[in-house]
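What follows is one structure encoded as structure tokens, with my remarks underneath.
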Amino acid sequence: MAVKWTKKDLLGLEGLSADEIGLILETADSFKEISQRPIKKVPTLRGQTVVLFFFEPSTRTRTSFELAAKRMSADIVNIQTNASSLTKGETLKDTAKNIEAMKVNIIIMRHSASGAPQLLAESVSPSIINAGDGSHEHPTQGLLDMFTIKEHKKKIAGLNVSIIGDIAHSRVARSNIWGLTKLGAKVTVCGPATLMPPEIEKLGVKVTYDIKEAIEGADVINMLRIQLERQGQSLFPSIREYAMKFGLDAEKMKYAKKDVLIMHPGPINRGVEITPEVADGPYSVILEQVTNGIAVRMAVLYLVSGVKERIE
Ligand code: CP
């Protein structure tokens, strides 16, 4: 691929071209093999310092970024935000300026406020990687989802991808929509009207409130978690009713294609958006998504680091 990575930060997939997304996926493909070696370590990022700066809980993203950085021999610092001087009134920008003064190279940030990583990217010189900001974007999740789809389907362009659930509060949905549509997939979003953002069609997606319609003909179904922590009010009558109407179960799977891929970014609410028999069933690639998260995050760390020589 002729395109070269020129960006300091990775804030979202909205700002990337199809070629830049393709470059990350191609780079991830070449990094995946490292995690299958008996000794899972290469010196690619030796001498680089990576800071994990997470203001919200995380299992998958935090662990896979840490493993990705460690497998490339970077030095890692974890900032415990609830034990940092932010609790004494220091601003986010001042904290970041102090981290910058310690000559770190990359800051990976998760924050409940949409736009927080962008604020840091404009304020400090280290590369900023968005690990999820509010309801805005979760670019590495979108990338690992596309990587997993491509591994199975050998392409993205022309595929029918349905994203089902809490679209309004989902940064995963937004990053998937930006990335998939740029690469030529046909995206359908489905969920209760109260969890559908206004004018979402303007992002180039089809909207349906009928889960059967979203399932039929889909090559990929990506189920989203109900983001109760980001909802200020009750937006559907009950969890039970939501599960009956929008949860994916064996009965609704009867409408699915025989080679459908079932995805979920995690964490799963079993029995709410997806039943255990579907989450753990033959069409599920949920744990493959987690495995692929490491290769994708290695690729992102490598590209934003600006390290020219790839040593393995
Ligand atoms: N998919 C995802 O972002 O999971 P975590 O919240 O565990 O990082």
Just need a number here: residues in region 285-306 that are surrounded by fewer than 18 Cβ atoms within 10 Å (Cβ to Cβ) and not in a helix (DSSP H, G or I). 1
What pairs come up if the first residue lies in region 87-98 and is modelled with pLDDT of 90 or more, the second is β-branched (Val, Ile, Thr) and part of a loop (DSSP other than H, G, I, E, B), and their beta carbons are under 6 Å apart, counting only those six or more places apart or on different chains? 96/124
Consider region 112-133. How many of its residues are in contact with a helix residue (DSSP H, G or I) (Cβ under 7 Å, 6 or more places away or on another chain) and within 16 Å of the ligand (Cβ to nearest atom)? 6
Residue 30 vs. criteria hydroxyl-bearing (Ser, Thr, Tyr) and closer than 23 Å to residue 155 by Cβ: yes
Counting only residues that are at pLDDT below 95, give me the strands (runs of 3 or more DSSP E) lying completely in region 173-272 with at least 2 of them. none
Just for region 148-172: of the residues that are within 14 Å of the ligand (Cβ to nearest atom) and assigned to a helix (DSSP H, G or I), which one is surrounded by the fewest Cβ atoms within 10 Å (Cβ to Cβ)? 148
Please enumerate the residues belonging to region 43-82 that are away from the ligand (no atom under 16 Å from the Cβ) and either assigned to a loop (DSSP other than H, G, I, E, B) or of a type in the set (D, E, K, R) (or both). 43, 44, 45, 46, 47, 48, 70, 71, 72, 73, 74, 75
So, residue 105, is that one more than 16 Å from the ligand (Cβ to nearest atom) and surrounded by fewer than 19 Cβ atoms within 10 Å (Cβ to Cβ) or not? no
Being within 19 Å of the chain's Cα centre (by Cα) and under 18 Å from residue 126 (Cβ atoms), is that true of even one residue in region 67-80? yes
Sort out which residues of region 108-123 are surrounded by fewer than 20 Cβ atoms within 10 Å (Cβ to Cβ) and not in a helix (DSSP H, G or I), and write them in order of number. 112, 113, 114, 115
Scan region 175-198 and tell me whether some residue there is in contact with a helix residue (DSSP H, G or I) (Cβ under 8 Å, 6 or more places away or on another chain), closer than 25 Å to residue 268 by Cα and within 14 Å of the ligand (Cβ to nearest atom). yes
So which of 40, 97 ends up being away from the ligand (no atom under 16 Å from the Cβ) and either of a type in the set (Ser, Thr, Tyr) or not in a helix (DSSP H, G or I) (or both)? 40
Scan region 65-85 and report the pairs whose first residue is at pLDDT below 95 and whose second residue is charged (D, E, K, R), with Cβ atoms within less than 7 Å and a gap of 6+ or a chain change. none
Between residues in region 107-121 that are on the phi > 0 side of the Ramachandran plot and residues that are surrounded by 24 or more Cβ atoms within 10 Å (Cβ to Cβ) and of a type outside the set (Ser, Thr, Tyr), which pairs lie under 8 Å by C-beta distance while being six or more apart or on different chains? 115/133
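The values are calculated or read from the model by the stated rules, or taken from the named source; none is laboratory data. What you are looking at is a predicted structure, and each value in this text was computed from that prediction instead of being measured. Cβ sites come from the backbone with ideal geometry, for glycine too, and all protein chains shown count toward neighbours.
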